[in-house]
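Just below is one structure, and these are the notes that go with it.
The values are calculated or read from the model by the stated rules, or taken from the named source; none is laboratory data. Quick caveat: nothing in here was measured; it's all calculated off a predicted structure. Glycine gets a Cβ as well: all are built from the backbone with ideal geometry, and neighbour counts include every protein chain shown.
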Amino acid sequence: EEDEEEEQKAEESSDLDTSSDDEEEEEEDKDVNKTTEMGEAKETTAPSQETEEKQGVKEEQQKTERDGQSEAKPAIFIPVDRSPEIQEARLKLPVLAEEQVIMEAVRENPCVVICGETGSGKTTQVPQFLYEAGYASGIIGITEPRRVAAVSMSHRVAKEMNLSTRVVSYQIRYEGNVTDETKIKFMTDGVLLKEIQKDFLLQRYSVIIIDEAHERSVYTDILIGLLSRIVPLRNKKGMPMKLLVMSATLRVEDFTDNQKLFRTPPPVIKVDARQFPVTIHFNKRTPLEDYTGEAFHKTCKIHRMLPPGGILVFLTGQAEVHSLCRRLRKAFPFRKDTSEAMRKFKKAKQKKTVSLPRIDLDNYSALPVDEGDEDREAGIGDEDDEGSDLDIGDDPGDAEEKADPSIPLYVLPLYSLLAPEQQAKVFRPSPPGTRLCVVATNVAETSLTIPGIKYVVDCGRVKKRFYDRVTGVSSFKVTWTSQASANQRAGRAGRTEPGHCYRLYSSAVFGDFSLFSEAEITRRPVEDLVLQMKDLNIDKVVNFPFPTPPSAEALVAAEQLLVSLGALKEPPRTGRVKEMEQARLSCPITPLGRAMASFPVAPRYAKMLALGKQQDCLPYVISVVAAMTVREIFVDLDRPAGSEDESSKLTQRRARLTQMRRLWAGQGASLLLGDLMVMLGAVGACEFAGCTPKFCEENGLRYKAMVEIRRLRGQLTNAVNAVCPEVGAFVDPKMAPPTEHQVVCLRQIVLAGLGDHLARRVQAEDILDPKWKNGYKTPLMDDPVFIHPTSALFKTLPEFVVYQEIMETTKMYMRGVSAVEAEWVPELLPQYCHFGPPLESPQPWFCSSSGTVRCHRSSTFFRVGWQLPAVEME
Ligand code: CDP
Ligand code: MG
């Protein structure tokens, strides 16, 4: 039967063969002019209603005409030689049942949406469907919001299809294995966005699949917006292209019922999940601060008391993941000698079966509970007798003591930045006689399906970055996740058999969760996106078909910042109010902006890179930018220590780090570069020591961060060379410390990039309110901000500083502080200065009655807030 089907398919496709290949070549020969394309893009993103509609009708007609000629249809059916085991496993995946429906929809429509539970086979199978059906005339591109997924999925699909990684490849920010033969390409969404900048029509691709669209990552959203224009453009030009959007949830209205995005709503294909029931257990107690500890106890209990089956624990970040892994490994050591382990495991299991009542999986008391902490309200069952019979101490020390070390728990961490070899381990069968326990961050929520998980422990939290829209103050906060996310997490337990999900929070708290996670784009500054779009000649970003548009405020702020950085042309300052308003939101990009857009870092840092070649500062600027881009290069030493032993070690390390920071910051001239000098010193020292884990460990540096900085330095150097080949920058991991002269230059470059993050120390005589003691005034905030005690400049307290960002912890603290000289400001940041007579009634802390600052122009003060004291002309 199958053969017949395949034959039919083959016939069908040969029918369709109207030498679309040739046509494609012809198009290529024409060598589509980039600027016209851009122009068209511009036109299509901001068309008047009327033309848009007319165009739409015309496109529709053209499309049907073309369909008649079967242009958009695949040409060749390509057989795939899969191993019998793979084939068997595939057939069990729910998405296989929908292959016909999906392929038909793809044939008939330019865009198709596929919804299916995580694990239903979307990511691994849909690219294969397309490949087999002959859509690989160009590349089949799949975007993932996470690097982990891009890498691991490409390996998986290559293996399933029995093809080399030369054919099924991946590309992520730092690395890839794409070749000329590549037919299926997994990549991060950021990578595809960059490619659109180079070739707006994505001519090398025949299909683009946007995976994990439910995550609503910023790049995913933008890509869908762009592709909603690119696909019709390609079809119009006779180079048909397909777009597939895949989501793990059914909430896709933002894509489908969105007139701005798709005039004809794309069809939605639902893949039925083969999901086993998952029993949810809530905690009764008010959620604890120490959810990692709670997760530890719960995992221990599951392991000691419940039947075999993998455990998946959700925490919020890498550090937590490692700390829990350590604790679990200590409690249940895993021995390499598996036969011995197996024997003990069996014995232990027998013992357990004898001494304990049989545990009913679907019963509330399945997990022995001493304090009755499961929530009965949730209607999960109402007998906890059994639980109390089991009598397990809940005291942490107790649990650790009682833990039977003879039962091996095979503990594996999983998070985005984990090395790929390490990540791959979770997909391999765990050693016999052991129980798999994966401690993961959000990555395991939907992007990756780990086989054999029966128990999920969910801390209910997620680590998110929060921004204040006005001030840009950001903070990383661990917050409650959404109900949709929590349900996704629970679902991981029911892939292979009925499972259990233990939520470390009460059902009341769950009730307060938001229903869905917000689209990321609504929660963060968008200057980087706006710059990328301007580089695509989308001048009126407000008119871009975002699946969920960012706030107007955020767009205005972004445009203003980019104008200040010189990346966009300044809008006219005179004219009619309405026109000025319009112009303010559609500033075209400048050549500097183009260069900045080609650097894979935020615009403020891109500006620094663009200026970096001066005075041979480039290697230093690149290192500083790389260090600032990587979230945190120092180990977090503020966390409370567990044991006494650990506490004294921590004190030692703190002392050591303080000492090193002082050393790296240097004296005199270099000290004024402040925290950025510390970063630079750390990178330099680490490279001289060969960037070893040992060096990092001893000096309080995060090894992962240092490795990432090294990679990023290479990548940024290439990016700068591409824009500015005459500089001929090259990366020698080892660099000599900058000269005094270069440090001054670096401080100025930093000021030019971080100009809007300028702060001025409040002069003692101006302080009316004690809360301003040692405080700094920033343009947009009414409250003071401070230099952190760990900062290199804590004791120096320079009058003017720039900062990388403000993080709110116990106080508003500036991070990444660097001192600047007042006289640089009017020179380097004239856009923030107002040249004219002094303000009439400055607020008390704005004015300084004493001291003069030498300036080249008279009466300089900052437009946005504080003023420099008036000075005489030189
Ligand atoms: O994308 P979706 O969540 O719908 O499913 P998928 O990622 O395509 O996974 C389909 C199946 O392949 C799952 O049962 C995974 O466990 C399995 N898989 C695997 O065994 N090894 C991998 N590296 C990736 C997926
Ligand atoms: Mg997937």
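Among the residues of region 191-213, are any of a type in the set (V, I, T), surrounded by fewer than 22 Cβ atoms within 10 Å (Cβ to Cβ) and modelled with pLDDT of 90 or more? Yes, region 191-213 contains a residue that is of a type in the set (V, I, T), surrounded by fewer than 22 Cβ atoms within 10 Å (Cβ to Cβ) and modelled with pLDDT of 90 or more. Among the residues of region 69-79, are any on the phi < 0 side of the Ramachandran plot, at pLDDT below 95 and within 16 Å of ligand 2 (Cβ to nearest atom)? No; the residues of region 69-79 include none that is on the phi < 0 side of the Ramachandran plot, at pLDDT below 95 and within 16 Å of ligand 2 (Cβ to nearest atom). Within this structure, A419 passes the test of being closer than 16 Å to S152 by Cβ, surrounded by fewer than 20 Cβ atoms within 10 Å (Cβ to Cβ), more than 14 Å from ligand 1 (Cβ to nearest atom) and modelled with pLDDT under 90. Given the criteria within 16 Å of ligand 2 (Cβ to nearest atom), more than 23 Å from the chain's Cα centre (by Cα) and closer than 27 Å to K284 by Cα, does R495 qualify? Yes: the conditions hold for R495. On inspection, F255 qualifies as hydrophobic (A, V, I, L, M, F, W, C), at pLDDT below 95, within 28 Å of E117 (Cα to Cα) and surrounded by 22 or more Cβ atoms within 10 Å (Cβ to Cβ).
Look at S164 and say whether it is in a strand (DSSP E or B) and more than 8 Å from ligand 1 (Cβ to nearest atom).
The answer is no for S164.
Table: residues versus (1) part of a loop (DSSP other than H, G, I, E, B); (2) among the aliphatic types (A, V, I, L, M); (3) buried (at least 24 other Cβ atoms within 10 Å of the Cβ); (4) out of contact with any Asp or Glu (no Cβ under 9 Å at 6 or more places or on another chain).
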{"position": "T548", "(1), (2), (3), (4)": "yes, no, no, no"}
{"position": "V563", "(1), (2), (3), (4)": "no, yes, no, no"}
{"position": "G575", "(1), (2), (3), (4)": "yes, no, no, yes"}
{"position": "E579", "(1), (2), (3), (4)": "no, no, no, yes"}
{"position": "C587", "(1), (2), (3), (4)": "yes, no, no, no"}
{"position": "L592", "(1), (2), (3), (4)": "no, yes, no, yes"}
{"position": "A595", "(1), (2), (3), (4)": "no, yes, no, yes"}
{"position": "P600", "(1), (2), (3), (4)": "yes, no, no, yes"}
{"position": "Y620", "(1), (2), (3), (4)": "no, no, yes, yes"}
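Scanning region 779-790 for residues that are modelled with pLDDT under 90, surrounded by 21 or more Cβ atoms within 10 Å (Cβ to Cβ), over 27 Å from F476 (Cβ atoms) and of a type outside the set (G, A, S) turns up nothing. Within region 487-535, the set of residues being more than 23 Å from T118 (Cα to Cα) and not in a helix (DSSP H, G or I) comprises Y505, S506, R523, R524, P525, V526. Going by the structure shown, is G387 touching a Pro at 6+ places or on another chain (Cβ under 6 Å), modelled with pLDDT under 85 and not in a strand (DSSP E or B)? Answer is yes for this residue.
Within region 77-106, restricting attention to residues that are under 33 Å from the mean Cα position of the chain (by Cα) and of a type in the set (D, E, K, R), the residue that is farthest from ligand 1 (Cβ to nearest atom) is E99. Report whether or not S447 is out of contact with any Gly (no Cβ under 9 Å at 6 or more places or on another chain), away from ligand 2 (no atom under 16 Å from the Cβ), in contact (Cβ under 8 Å) with a residue 24 or more places away in the chain and over 30 Å from G755 (Cβ atoms). It is false that S447 is out of contact with any Gly (no Cβ under 9 Å at 6 or more places or on another chain), away from ligand 2 (no atom under 16 Å from the Cβ), in contact (Cβ under 8 Å) with a residue 24 or more places away in the chain and over 30 Å from G755 (Cβ atoms).
From the list V191, V148, the one residue that fits, being assigned to a helix (DSSP H, G or I) and touching a Ser or Thr at 6+ places or on another chain (Cβ under 7 Å), is V148.
Among the residues making up region 453-483, those that are modelled with pLDDT under 90 and more than 16 Å from T441 (Cα to Cα) are F466, Y467, D468, R469, V470, T471, G472, V473, S474, S475.
Residues that are at negative phi, at pLDDT 95 or above, surrounded by fewer than 22 Cβ atoms within 10 Å (Cβ to Cβ) and within 12 Å of ligand 1 (Cβ to nearest atom) occur in region 129-144; there is at least one.
So, of the residues in region 241-263 that are farther than 14 Å from R216 by Cβ and free of Cβ contacts under 8 Å to residues at least 60 places away in the same chain, which turns out to be nearest to ligand 2 (Cβ to nearest atom)? Ranking the qualifying residues of region 241-263, first place goes to D257. Here I538 clears all of (1) assigned to a loop (DSSP other than H, G, I, E, B); (2) surrounded by fewer than 19 Cβ atoms within 10 Å (Cβ to Cβ); (3) aliphatic (A, V, I, L, M) except the condition numbered (2). Can you confirm whether region 189-202 contains a residue that is in contact (Cβ under 8 Å) with a residue 24 or more places away in the chain, within 16 Å of ligand 2 (Cβ to nearest atom) and out of contact with any Asp or Glu (no Cβ under 6 Å at 6 or more places or on another chain)? Yes; the residues of region 189-202 include at least one that is in contact (Cβ under 8 Å) with a residue 24 or more places away in the chain, within 16 Å of ligand 2 (Cβ to nearest atom) and out of contact with any Asp or Glu (no Cβ under 6 Å at 6 or more places or on another chain).
Go through region 781-817 and give me each residue that's aliphatic (A, V, I, L, M) and not in a strand (DSSP E or B). Within region 781-817, M781, A792, L793, L797, V817 qualify.
If you check P232, P266, which single one turns out to be over 23 Å from L448 (Cβ atoms), assigned to a loop (DSSP other than H, G, I, E, B) and either more than 16 Å from ligand 1 (Cβ to nearest atom) or of a type outside the set (G, A, S) (or both)?
After applying the criteria, what remains is P266.
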